[in-house]
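Quick notes on the structure that follows.
The values are calculated or read from the model by the stated rules, or taken from the named source; none is laboratory data. Note that the structure is a prediction, hence the values are computed from the model and not measured. Methodologically, a virtual Cβ is constructed for each residue, glycine included, from the backbone with ideal geometry; neighbour enumeration extends over all protein chains shown. These accessible areas exclude ligands, DNA and RNA; they are computed on the full protein's heavy atoms, side chains included. Shrake-Rupley method; radii C 1.70, N 1.55, O 1.52, S 1.80 Å.
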Amino acid sequence: MIGALPMAASLYERVRRVIPPMEWPAFADDIDAILALKRERNAIILAHNYQTPEIFHCVADIVGDSLALARKAMAVEADIIVLAGVHFMAETAKLLNPDKTVLIPDLEAGCSLADSITAEDVRLMRQRYPAVPVVTYVNTSAAVKAESDICCTSGNALAVVKSLRVPRVIMLPDEYLAKNIAAQTKVEIIAWKGRCEVHERFTAADIREVREAHPGVIVLAHPECPPDVVAVADFAGSTAAMSDYVARHKPACVVLMTECSMSDNVAVQHPEVDFVRPCNLCPHMKRITLANIRTALEENRHVITIDPNVAERARWAVERMLLV
């Protein structure tokens, strides 16, 4: 069956280690259709590191973490951008490409962090802490970004905080990211109570169990994990930083304390590394499938729109981040 679909067949070699042969025929037809539709419509697909391998390695044109996607989206020459990720990422792509059509395959692909805070919440925080700058994680709606002074990602949050040269900042909405950044700087961090529903489930006990079961394993943790998890990990960093760590150090055995598709995607590129896979799935990321990416391209579904007044202010906060 694989041999009958030459375009998809050649791509299967990339993901053979993480997708069993019996599953591939279910993906191949959609992959061939998506590749053809991209050419027909001058479209490009941006995929986050948490997308499944058949999306990440077989149909995506640009892949990476939130910062990488934000930066690379600015240089896209296509007429259409399909965001294989969650809603706030599609909004960010639209902010940076206002004249392009940006599609998200499923409008319900949200984020627990983005849902944890509103624009009104930010305005109330400003009233409570006047003159304290607001650093807002990109995992937020455009409306929240519009109320902020500057955005950040997990990869550049510390640099953004330092760039402001002030004694204290408000960091929204991820409580654990804020606490983990606070441990690395003398700047006072005022945190919000938002948490990532994937990363908050990891515990220090999980790491101890992994180390007992796999002696010598290297533990990499995302900074959205609780501080006690970050404290006992061997390395903490963004998804891009974790991928870079594996590429540089090539540990014999590694575990990534983050969304489980990340391990599959990195494993494809490093067959010599043994990956332990604690599986915490993001239900929002998993709403994106090959089937609805195909439908998005076929039916122009779903178009991202942002109020122009909101977009202008939110774009400024994102672009200020990209200058850091």
| task | Tally the residues that are touching a strand residue (DSSP E or B) at 6+ places or on another chain (Cβ under 8 Å) and either under 15 Å from residue 125 (Cα atoms) or free of Cβ contacts under 8 Å to residues at least 60 places away in the same chain (or both), restricting the search to segment 151-181. | result | 16
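For residue 224, state whether it is crowded, with 18+ Cβ neighbours inside 10 Å, closer than 24 Å to residue 122 by Cβ and acidic (Asp, Glu).
Working: crowded, with 18+ Cβ neighbours inside 10 Å: yes; closer than 24 Å to residue 122 by Cβ: yes; acidic (Asp, Glu): yes.
Criteria met by residue 224.
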| said: Can you find, within segment 18-72, the residue that is farthest from residue 288 (Cα to Cα) among those that are open to solvent by 20 Å² or more (accessible area, probe 1.4 Å) and acidic (Asp, Glu)? | reply: 40
| field | Test set (1) within 23 Å of residue 258 (Cα to Cα); (2) among the acidic types (Asp, Glu); (3) touching a strand residue (DSSP E or B) at 6+ places or on another chain (Cβ under 8 Å) - residue 79 fails condition number | value | (1)
| Contacts under 6 angstrom Cβ, first residue in segment 6-17 being on the phi < 0 side of the Ramachandran plot, partner charged (D, E, K, R) and part of a helix (DSSP H, G or I), 6 or more apart | 7/32; 8/32
| said: So, in segment 24-35, how many residues would count as being over 25 Å from the mean Cα position of the chain (by Cα) and under 15 Å from residue 299 (Cβ atoms)? | reply: 1
| Can you name the residue in segment 238-255 that is open to solvent by less than 10 Å² (accessible area, probe 1.4 Å) and farther than 21 Å from residue 158 by Cα and, of all such residues, is farthest from the chain's Cα centre (by Cα)? | 254
| request: Evaluate the following for residue 26: is it in contact with a helix residue (DSSP H, G or I) (Cβ under 7 Å, 6 or more places away or on another chain) and small (Gly, Ala, Ser)? | output: no
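Among 82, 135, 86, 102, which is within 16 Å of the chain's Cα centre (by Cα), farther than 19 Å from residue 198 by Cβ and buried (at least 24 other Cβ atoms within 10 Å of the Cβ)?
Working: 135 fails: within 16 Å of the chain's Cα centre (by Cα); 86 fails: farther than 19 Å from residue 198 by Cβ; 102 fails: within 16 Å of the chain's Cα centre (by Cα).
Exactly one residue qualifies, and that residue is 82.
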| field | Condition check for residue 205: surrounded by fewer than 22 Cβ atoms within 10 Å (Cβ to Cβ) and in a helix (DSSP H, G or I) | value | yes
| query | residue 166: at pLDDT 95 or above, crowded, with 18+ Cβ neighbours inside 10 Å and not basic (Lys, Arg), yes or no? | reply | no
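Being more than 27 Å from residue 269 (Cα to Cα) and modelled with pLDDT of 95 or more, is that true of even one residue in segment 233-241? Steps first, please.
Taking segment 233-241 as the starting set, the residues that turn out to be more than 27 Å from residue 269 (Cα to Cα) are none.
Looking for residues that are more than 27 Å from residue 269 (Cα to Cα) and modelled with pLDDT of 95 or more, one finds none in segment 233-241, hence no.
Does at least one position in segment 248-256 carry a residue that is out of contact with any Lys or Arg (no Cβ under 7 Å at 6 or more places or on another chain) and in contact (Cβ under 8 Å) with a residue 60 or more places away in the chain? Spell out the reasoning first.
Start the filter on segment 248-256 by keeping residues that are out of contact with any Lys or Arg (no Cβ under 7 Å at 6 or more places or on another chain), which leaves 248-256.
With the extra rule that they be in contact (Cβ under 8 Å) with a residue 60 or more places away in the chain, the set shrinks to none.
Checking segment 248-256: not a single residue is out of contact with any Lys or Arg (no Cβ under 7 Å at 6 or more places or on another chain) and in contact (Cβ under 8 Å) with a residue 60 or more places away in the chain.
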| Could we say that residue 212 is charged (D, E, K, R) and either open to solvent by 10 Å² or more (accessible area, probe 1.4 Å) or free of Cβ contacts under 8 Å to residues at least 12 places away in the same chain (or both) here? | yes
| query | Quick one: which strands (runs of 3 or more DSSP E) sit completely within segment 211-324 and have at least 3 residues that are farther than 25 Å from residue 113 by Cα and in contact with an Asp or Glu (Cβ under 7 Å, 6 or more places away or on another chain)? | reply | none
